[in-house]
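All remarks here apply to the structure that follows.
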Amino acid sequence: MFIVVRAIAFIALASCFVTCATSATENSKFPLLPVDQKAIAERIKTLNEDAPEGAKLVVYLDCGTQVESAVNSSVGIKKVKGDAYRFRADEVKVPAMQPTVFFDSDRVVFELSGIDRTGRYLVGLTWWDFDAGGRAQTVMVASHDKRSVRIAVPTIGLPDFTKLRKLPIQKQFMLPATFAKEGKLQMAILQAAGPNAVISEIWIWQLEE
């Protein structure tokens, strides 16, 4: 019985990636937003300064403005599924990249590349429920062939700005690098409650061996 339950759970997790692999398109319904290169450079500088001891920033993606990552390294992040949007947060004192997001009614999916299976990587991301939509979401990571799947961030409610004035929060998790096949992984932000899934930023620090 336990084996059957685990098998059903695995199929459910894997389907989060299989579906998007067959239906996702890079032709978004909404065009990318203008890139603020100066703001991104400042943000990358801050993330480098805030890196854990012995870690270095190897890749950064400003969701909503960039389909592919901004840091020039062997590690990459590419958006596979999701559309661009900007929350109307002009008066809010947050980094310029946080009002811009990728969103999807079901899941926002990214491909990670250049991952060394023997390496240690810490993923960081920011998100918020700016318009008080009651959003909750989950992060999952899978091997490129979908045979290995892991919940990276269990379902969590996003900070509500409009009603509760909560600012974006940062989440971190260790990347299951051993899942990498030919250096590639998939990461999905899954909608659990609210109108859609949203994400503002993604970056990866590589840790010392």
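What follows is calculated from the coordinates using simple rules that are stated; it is not laboratory data. This is a predicted model, so every value here is computed, not measured. Cβ: placed from backbone, ideal geometry, glycine included. Neighbour counts: every protein chain shown.
Tabulated data for the structure shown
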{"read-out": "Net charge dipole size for the range 33-184 [Lys, Arg +1 and Asp, Glu -1 on Cβ; Debye, nearest 20]", "value": "340 debye"}
{"read-out": "Of the GluC sites (Glu not before Pro) in the range 29-82, those whose Cβ has at most 16 other Cβ within 10 Å and which sit in DSSP loop", "value": "Glu53"}
{"read-out": "For the range 143-209 versus the range 84-104, the gap between their alpha-carbon centres in whole angstrom", "value": "18 Å"}
{"read-out": "Residue with peak Gaussian network fluctuation, the chain [Cα springs, cutoff 10 Å], from Ser143, Ser105, Ser69", "value": "Ser105"}
{"read-out": "Exposed-site-free run, longest, the chain (rule: trypsin sites (Lys or Arg not before Pro); DSSP loop; at most 13 other C-beta within 10 Å)", "value": "30-87"}
{"read-out": "Mean separation of Cα contacts under 8 Å, 6 or more apart, over the residue count of the chain: relative contact order %", "value": "26 percent"}
{"read-out": "Alpha-carbon radius of gyration plus Dmax, which is the widest Cα pair, for the range 72-209 in Å", "value": "15.0, 45"}
